[in-house]
Amino acid sequence: MIPSIQERTIYVKPGPTDMRKQINGLAVLVQEVLEHDPFQGAYFMFCNRKRDMLKILYWEDTGFCLWTKRLEEAKYPWPKDESAVREITSEQLHLLLSGIDFWKAHRKLEYRQVG
């Protein structure tokens, strides 16, 4: 299991990522494509084309860590729009790992008057 995520920022890279990439390749992707600092301690999440494998890259004090999970009979809900990296909460990460598509949750409505 990954370490406590309460104090960390979590970024999702929308769209598919080549899962042949390991620590160095994903760190370069974070720096050059996502335009973030891979050494900041944030979690950077990637998903393959079939949406059955996730990788999470993060820096922890003395080196990079790479966490991988592959589903045997299901698919991860994953945003397809590759236009920008998205930040999610630790609660949303847990929902994602459980297979719950929070991206399709009800959107917040704001009304100014009844009628």
Meets criteria (of a type in the set (A, V, I, L, M), touching a residue at least 12 places away in the same chain (Cβ under 8 Å) and either surrounded by fewer than 17 Cβ atoms within 10 Å (Cβ to Cβ) or in contact with a Gly (Cβ under 9 Å, 6 or more places away or on another chain) (or both)) for Leu29 = no
Note: among Glu72, Glu87, Glu91, Glu35, just one is part of a strand (DSSP E or B) and among the acidic types (Asp, Glu), namely Glu87
Scanning segment 95-115 residue by residue, those surrounded by 10 or more Cβ atoms within 10 Å (Cβ to Cβ) and either under 11 Å from the mean Cα position of the chain (by Cα) or among the hydrophobic types (A, V, I, L, M, F, W, C) (or both) turn out to be Leu95, Leu96, Leu97, Ile100, Phe102, Trp103, Ala105
Checked pairs for segment 1-20, first within 16 Å of Leu97 (Cα to Cα), second modelled with pLDDT under 70 and in a loop (DSSP other than H, G, I, E, B), C-beta under 9 Å and 6 or more apart or across chains, list as Lys13/Glu82; Pro14/Glu82; Pro14/Ser83; Pro14/Ala84
The condition from (1) at pLDDT 95 or above; (2) within 16 Å of Val12 (Cβ to Cβ) that Val33 misses is numbered (1)
Scanning segment 62-90 for residues that are of a type in the set (D, E, K, R) and under 22 Å from Pro38 (Cα atoms), the one surrounded by the most Cβ atoms within 10 Å (Cβ to Cβ) turns out to be Arg86
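The values are calculated or read from the model by the stated rules, or taken from the named source; none is laboratory data. Values in this document were obtained by computation on a predicted structure and should not be read as measured data. Counting neighbours? That spans all protein chains shown, and the Cβs are built from the backbone with ideal geometry, glycine included.
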